[in-house]
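S.K.: The structure is given below, and queries will be raised subsequently.
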Amino acid sequence: MNTALALRQAIWKKEDPSWQICGLPKILYTDGGSDFMSTRIEQVCIRLKIRMLNSAVGRPQGRGKIERFFQTLNECVLIDLPGYSVKGKPASKPTLTLEQLEAAVIDFILSKYHVSNHSATGLPPIKMWADGFLPQLPESSEALTSPKTSLNDRP
C-alpha cells in the first residue's frame with residue numbers, strides 16, 4: 001500500500017509550484033522487491049497503462065541511475081544531518097523528525113540538484129524535464145483514488 005501511495009504522489013501535481021515533475025510514467029522499473037511485486041501494484045500499472053519492468057536479480061548495474069542518485073543524496077544531504085550512519089553506527093545522535101528529513105531532501109532537490117548542470121548532459125535536470133515536455137496526467141486526482149486504479153489509502 002505504501003508503494004501505491006508513493007506512486008500516486010509521484011504522478012500527481014505537487015502543491016509547491018517549484019516542484020514541476022509529475023505525470024504517468026511509461027515504465028515502472030524496479031528491483032523486483034516484494035513491495036513492487038504485489039497484486040495491487042500490478043493492477044495499478046495495468047489500469048494506468050504503465051509497463052512494469054524488473055532489473056535482473058543480483059545485477060545492481062541495471063539500477064545505476066537510481067543508485068547514483070542515492071549516492072548523491074548520501075554525499076550531499078544525509079552526511080551532514082544528525083544521526084547519519086557510518087559503517088552501521090550513527091556518527092551523531094539521530095534527532096530529526098521525518099518532516100525535517102523530508103524538508104532537507106526537498107530543499108536539496110529543488111535548490112541544488114534540479115538547478116545544477118548534470119555532468120553527462122551539461123544541463124540542469126529541471127531544464128531537461130521542463131523543456132517542451134507535457135506530462136501525461138489522469139483527468140483528475142480523484143482518478144488516482146478511484147477503485148478503478150487502486151491508488152488509494154484503503155487496504
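Read the figures in this text as sums done on the coordinates, not as results from a lab. Every value quoted in this text rests on a predicted model; they were computed, and no experiment measured them. Cβ placement follows ideal geometry from the backbone for every residue including glycine, while neighbour counts extend to all protein chains displayed.
S.K.: Nearest 10 degrees is fine. How inclined is helix 64-76 to the longest principal axis of the chain, computing both from alpha carbons?
M.R.: Orientation of helix 64-76: about 40 degrees from the principal axis.
S.K.: While we're here: Which three extents, in whole angstrom, do the alpha-carbon atoms of the chain cover along their principal axes, largest first?
M.R.: Ordered largest first, the chain gives principal extents of 46, 36, 33 Å.
S.K.: To the nearest 500 deg cm²/dmol, what mean residue ellipticity at 222 nm is calculated for the chain from DSSP H runs of n ≥ 4 alone, each contributing -39,500 (n - 2.57), summed and divided by the residues?
M.R.: Computed mean residue ellipticity for the chain: -10000 deg cm²/dmol.
S.K.: So how many Lys-Lys pairs in the chain land under 24 Å Cα to Cα, not counting same-chain pairs under 8 apart?
M.R.: Count of close lysine pairs: 22.
S.K.: How large is the charge dipole for segment 2-145, taken about the Cα centre, if only the Cβ atoms of Lys, Arg (+1) and Asp, Glu (-1) carry charge, to the nearest 20 debye?
M.R.: I would put it at about 480 debye.
S.K.: Residues with amide H under 5 Å of Trp19's amide H, sequence separation 5 or more or different chain, H placed in the peptide plane at 1.01 Å from N; which?
M.R.: So Trp19 has HN proximity to no qualifying residue.
S.K.: Longest segment of the chain with no GluC sites (Glu not before Pro) in a DSSP loop having at most 16 other Cβ atoms within 10 Å?
M.R.: 16-138
S.K.: Here is a further query. Using only the alpha-carbon atoms, how far is helix 39-48 inclined from the longest principal axis of the chain? Give it as 0 to 90 degrees, nearest 10.
M.R.: 70 degrees
S.K.: Quick query: amide H of Met52 versus all other amide H atoms, modeled in the peptide plane; which residues come in under 5 Å with a sequence gap of 5 or more or a different chain?
M.R.: Sorted by chain and number, the residues that satisfy this are Leu28.
S.K.: Using the count of nearby Cβ atoms within 10 Å as a rough guide to exposure, how do Ser119, Ser18 rank from fewest to most?
M.R.: Ser119, Ser18
S.K.: Report relative contact order for the chain in percent, whole number only (criteria: Cα-Cα under 8 Å, sequence separation at least 6).
M.R.: Once normalised by length, the contact order is 28 percent.
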